[in-house]
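*Asks:* Have a look at the structure that comes next, please.
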Amino acid sequence: MLRDFSKCAQLTQLDLICTQLINLSTQAFNKNNGNKPKWEQAIEQIKTQNTGSLYFVTPYLNIGAHINNLTLEKALKQLMPWRKGPYQIGDLQLDSEWRGDMKWHRIIPHIKPLKDKVVLDVGSGNGYFTYLMSISGAKIALGIEPFLLFNYQFKAIRTLINHPPNAFVLPLRLEEIPKKPLFDTVFSMGVLYHQKDHKLHLKQLRNVMKPGGELILETLIIDLGKVEKIIPKERYARMRNVYCLPSVNTLHTWLEDEKFKNIKLLNITKTTSKEQRTTHWIGNNTQSLKDFLDPSNSNLTIEGLPAPKRAVFICQK
Ligand SMILES: C[S@@+](CC[C@H](N)C(=O)[O-])C[C@H]1O[C@@H](n2cnc3c(N)ncnc32)[C@H](O)[C@@H]1O
């Protein structure tokens, strides 16, 4: 996969940073992780299956391959939890916790066309959206995702595609991407609230964007009249690493402070259990949205904070 990334990147301006990205990714893949033998064994089992072509029929990212459902399901389940998707391989439906297609449809009609663009998907998870970006015509769609399991999930899906598109996921953090203005379109979806320093994240996004490039920022917000932001004391909807929930006005100001232009709020969406649900692909811990909300008031989280709402902003460098 790294070889394919290198070939593809060399045909774009990413040529400038390609060797550095490959070296960092190799180091990340070589780090000790007790789960690697299990994940690698799963990939070997998946390699025994037929491959097929990749296409999107909502909600599923489909691979039209003739596969053995039982063998493939067993191998893919070695890579649980599947948070992002959903995927369908042959007639095996991999119903991830999230219906990613719902977010995609909220965003894609409103952004500059991705055709021939060099695209960065920060915090790409297993690459569900990264694949959609390349299917939409990107010259290259690069997902970066530090959590190693999600990189193996990306590999698993890629192994099943006969002519994989120009979509790649590398085990990198945004902080590791050289500060060069190389990307036409940058997506940061579901990442900002996980950052201890939101300002730094916005600066880093801007650093890698070309002048005139487009940022799609999707993140949790609050919608409580005059309240500017909430800093959860402990958990938020049972998540340990949520650092800040701004109002849309506060988020708008943060983007202005970082000198983004043409800032537009696209939409605000309350997360529902249609979009985030329990499925048998998320493993032993089967908790999902309904378990994170107050059982007597679905407008509050279990900790008594406002239930999750997400805003999408689009702006330019
Ligand atoms: C909530 S998930 C969102 C996944 C996907 N983008 C989506 O919208 O559904 C956030 C992901 O961002 C990753 N992440 C967190 N901090 C990051 C950073 N500094 N650079 C790159 N990825 C990061 C996490 O590992 C996690 O998989």
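The values are calculated or read from the model by the stated rules, or taken from the named source; none is laboratory data. What you see is a predicted model, and the numbers here were worked out from it, not measured in a lab. Quick reminder, even Gly has a Cβ in these numbers, built from the backbone with ideal geometry, and neighbours come from all protein chains shown. To get the accessible areas, we keep the full protein, side chains included, count just its heavy atoms, and leave off ligands, DNA and RNA. Shrake-Rupley method; radii C 1.70, N 1.55, O 1.52, S 1.80 Å.
*Asks:* So if we plug the beta-carbon distance of LYS199 and ASP223 into 1/(1 + (r/R0)^6) with R0 = 25 Å, what FRET efficiency do we get, rounded to 0.05?
*Replies:* The calculated FRET efficiency here is 0.70.
*Asks:* Between region 175-209 and region 255-282, what is the C-alpha centre distance in whole Å?
*Replies:* The distance from the Cα centre of region 175-209 to that of region 255-282 comes to 16 Å.
*Asks:* Would you kindly state how much longer the chain becomes between LEU70 and PHE147 on full extension, computed as 0.36 nm times their sequence separation minus their alpha carbon distance, in nm to one decimal?
*Replies:* 25.0 nm
*Asks:* Something else about it: Can you flag which of LYS84/LYS270; LYS103/LYS290; LYS199/LYS274 are past 22 Å Cα-Cα?
*Replies:* Violating the 22 Å Cα-Cα cut-off are LYS199/LYS274.
*Asks:* Next question. Dipole of region 1-143, Cα-centred, from +1 at each Lys and Arg C-beta and -1 at each Asp and Glu C-beta, to the nearest 20 debye?
*Replies:* Computed about the Cα centre, the dipole is about 260 debye.
*Asks:* Putting +1 on Lys and Arg Cβ atoms and -1 on Asp and Glu Cβ atoms, find which of GLY90, LEU76, ASN35 reaches farthest to the positive end of the dipole of region 33-110.
*Replies:* In region 33-110, that residue is ASN35.
*Asks:* Sticking with this one: Which value, in Å² rounded to 10, gives the accessible area of TYR243 with a 1.4 Å probe and all protein chains present?
*Replies:* Only protein atoms counted, so the area is about 80 Å².
*Asks:* Give me the lysines in straight-line cross-link reach of LYS36: C-alpha distance below 19 Å, same-chain residues under 8 apart excluded.
*Replies:* Of all the lysines, those that pass the test against LYS36 - Cα under 19 Å, at least 8 places apart if same chain - are LYS47, LYS74, LYS77, LYS155.
*Asks:* Would you list which aspartates and glutamates come within 18 Å of LYS309, measuring only between C-alpha atoms, while excluding same-chain residues fewer than 8 positions from it?
*Replies:* Once the sequence-local aspartates and glutamates are set aside, what remains near LYS309 is GLU97, ASP101, GLU218, ASP223, GLU228, GLU275, ASP291, ASP294.
*Asks:* What does the charge count near ASP15 come to, summing +1 for each Lys or Arg and -1 for each Asp or Glu among other residues with Cβ under 13 Å from its Cβ?
*Replies:* +3
*Asks:* Mind putting together the pair-distance distribution for the chain? All Cα pairs, 20 Å bins, whole percent per bin, short to long.
*Replies:* The distribution over the chain is 32, 60, 8, given as percents.
*Asks:* While we're on this one: In terms of solvent-accessible area of protein heavy atoms at a 1.4 angstrom probe, what is the ranking of LYS196, LYS317, highest value first?
*Replies:* LYS196, LYS317
*Asks:* Hey, another quick one. Suppose R0 equals 41 Å. What FRET efficiency, 1/(1 + (r/R0)^6) with r the Cβ-Cβ distance, do LYS180 and ASN30 give to the nearest 0.05?
*Replies:* It comes out at approximately 0.95.
*Asks:* Okay, next question. Collect residues whose amide H, placed 1.01 Å from N in the peptide plane, falls under 5 Å from the amide H of MET189; neighbours closer than 5 in sequence don't count.
*Replies:* Amide H neighbours of MET189, under 5 Å, 5+ apart: VAL122, GLU218.
*Asks:* Still on this structure, please answer the following. Charges at C-beta only: +1 for Lys and Arg, -1 for Asp and Glu. How large is the resulting dipole of the chain about its Cα centre, in Debye rounded to 20?
*Replies:* Rounded to the nearest 20 debye, it is 360 debye.
*Asks:* Using alpha carbon centroids, what distance separates region 47-99 and region 153-167, in Å?
*Replies:* When both Cα centres are located, 11 Å separates them.
*Asks:* Compare the peptides 293-304, 158-169, 206-217, 41-52 by average per-residue count of other Cβ atoms within 10 angstrom and give them in order, highest first.
*Replies:* The packing order, highest mean first, is 158-169, 206-217, 41-52, 293-304.
*Asks:* While we're here: Report, please, the projected area of region 238-317 averaged over directions, based on the convex hull of its C-alpha atoms, in nm².
*Replies:* Computing the convex hull of the Cα atoms and averaging its projections yields 6.9 nm².
*Asks:* Something else about it: So for region 197-284, what are the equivalent ellipsoid semi-axes in whole Å, largest first, each being the square root of 5 times an eigenvalue of the Cα gyration tensor?
*Replies:* For region 197-284, the semi-axes come out at 26, 17, 14 Å.
*Asks:* Give me the distance in nm between label points sitting 7 Å out from Cα along the Cα-to-Cβ direction at ASN284 and ILE302, one decimal.
*Replies:* So the label points at ASN284 and ILE302 sit 1.7 nm apart.
*Asks:* If you place +1 on the Cβ of every Lys and Arg and -1 on the Cβ of every Asp and Glu, how big does the dipole about the Cα centre of region 83-216 come out, in debye to the nearest 20?
*Replies:* The dipole magnitude comes to about 460 debye.
*Asks:* Next question, about the same structure. With r defined as the distance between the Cβ atoms of LYS47 and LEU2 and R0 fixed at 30 Å, what FRET efficiency is calculated, to the nearest 0.05?
*Replies:* Efficiency, from the Cβ-Cβ distance: 0.95.
*Asks:* What net charge do the residues around ASP223 carry, taking every other residue with its C-beta under 13 Å from that of ASP223, with Lys and Arg at +1 and Asp and Glu at -1?
*Replies:* Result for the local shell: +4.
*Asks:* Which percent, to the nearest 5, of DSSP beta bridges fully inside the chain are antiparallel?
*Replies:* Counting only bridges with both partners in the chain, antiparallel ones make up about 55 percent.
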